[in-house]
Every structure is written in structure tokens, then in C-alpha cells.
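Undergrad: Handing you a structure now.
The values are calculated or read from the model by the stated rules, or taken from the named source; none is laboratory data. None of the values given here were measured: they were computed from a predicted structure. So basically every Cβ, Gly included, is an ideal-geometry build from the backbone, and we count neighbours across all protein chains shown.
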Amino acid sequence: MFHVPLMALFDGNENVFDVMSEVFSRGDTLTHPQDLMTSLQSMSIVWALVFLAAGLACLLHGAKYYKLVVIGAALTLGLGVGYYLGKQIEASWVVAGCFGVLFAVCCWPLMKYAVAIFGGLVGAFIGANAWAAGASLLAGSHDVQAMTENYWIGALIGLILFGLLAFILFKLSLVLFTSFSGSMISVLGGLTLLMQVPAWRDPVSQSITAHRVIIPLIMLVPMIIGLIHQHTGSQPAASAPKPVAK
């Protein structure tokens, strides 16, 4: 008797891979809140809860269990790439499964390089959205469109900076990577949950879409909290002083 309601929780208007492909169809997606909120409305409640829980776990403890995080990221990336390629031959789920397993298995023996790759991708995403958000604040009204379209400059800077950071300061790179990833995933899940409540949908959508910098600013707050929490948590505890021998 609970079969239909349970499946209804999983079934959004679109498949989660289709929703995520719409969300990340451009590098500066966080500075396009109207398109982002429209895409998130199509995601189911269950996937929103999964995003929220996984994001909080990555945000608070991702650096400690970074191997699981990196393998999970590789699996997710493989599933997404395989799903996109599989749609061309009408076998999306089979190809998605094959690519997901392949990416996850190849990631294990190449962990340090995988961290550098994902760190670079996160850096490119941060750089692109930081560039677009900064341009929307600093540029004149007639220059905003031209400046934001050059977000690839910020993406290139972030890619190089964060990619090299993984080889120079490995632990710091892990904390940055997991804090931002966890913040982004949890915020996307939280916004999706809020949009599921009919009475809150319009007020939340109007508040989020008021300006290009709203979503980057929302994600910045939990990211900083995660950075502080994971950095202080990774510091070795001070040992008690040894008693002076008499």
C-alpha cells in the first residue's frame, strides 16, 4: 500500500542526471539563480535529502575520509559521463554503470593525481563563479554581460592554482576541496527541499533570484565553517605536560 507514495518521492519531473547536467551546463551556473532554481524544482525530495546529508558529511569530515570522498566523486563523475554518452546509443544506464566503476577503480591507485584533478576542477568552478559574481558587482550596468561572459578567465586561474596546490600543500587542498564540495552539495539539497513546500516556493525563489551573488554568498558561509572545523579538527591535540621527576 506504500509502494506508490514511496516511488513518488523518488520520481521528480526529471532524472537526477538530467537535472545535474542542466545545473552544471555552464561554469558560472551559481550566478544564474533563475535557471538554477528552475532546474532544482525538477529534483525529487529523496535526492534532495541525499544531497543534503552527503554534503554535510563531506563538509564536516571530508578531509578525514578523503579517499572515500575522492572515490565517490570519481564514481559520480563516471556515472554522469557514462549517462551522457550512453544516451547517444540509448543505453544510458549500462554505459553509466561501466564508466562509474571504471573511474572509481582507476582513482584508487592514482589517489594523489585524482585529488589534483578534482581540486583543479573545483578551483575552476570557484574561479568561474567568483569572476562572474565580482563582475556583476563591480562592472557598470552596460559592462556586466560582457564581463560575466569572460568567466573562463577566472576558471583558468582557479584550475591552475588549485591543481598546483594539491602537490604543494596536500592537506590544505583536501580541506578546500571537501569544504567547497560539501557546501555546494548541501546548499543545492537544502534549496531543493525548500522548493518542495508550495507555500515557500515563491518567496524562496524571489529571494534567491534577487541578485547574482546571492547563491555564491550562501555557499560561502558553510564553506568557511567547514574550513574552520576541518582545519582545527586536523590539528594534533596538545599533550599534557610530563610530571617533573623528583
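Undergrad: Can you find a residue in segment 44-61 that is outside any helix (DSSP H, G or I), in contact (Cβ under 8 Å) with a residue 40 or more places away in the chain and within 22 Å of residue 221 (Cβ to Cβ)?
TA: No - not one qualifying residue is present in segment 44-61.
Undergrad: Can you tell which of 124, 139 is among the aliphatic types (A, V, I, L, M) and at pLDDT below 90?
TA: Unique residue meeting the criteria: 139.
Undergrad: Identify all residues within segment 171-199 that are farther than 19 Å from residue 72 by Cα and part of a helix (DSSP H, G or I); write none if there are none.
TA: 172, 190, 191, 192, 193, 194, 195, 198, 199
Residues checked against (1) farther than 13 Å from residue 30 by Cα; (2) under 19 Å from the mean Cα position of the chain (by Cα); (3) loosely packed, with under 15 Cβ neighbours inside 10 Å; (4) among the acidic types (Asp, Glu):
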| position | (1), (2), (3), (4) |
| --- | --- |
| 121 | yes, yes, no, no |
| 125 | no, yes, no, no |
| 129 | no, yes, no, no |
| 163 | yes, yes, no, no |
| 169 | yes, no, yes, no |
| 184 | no, yes, no, no |
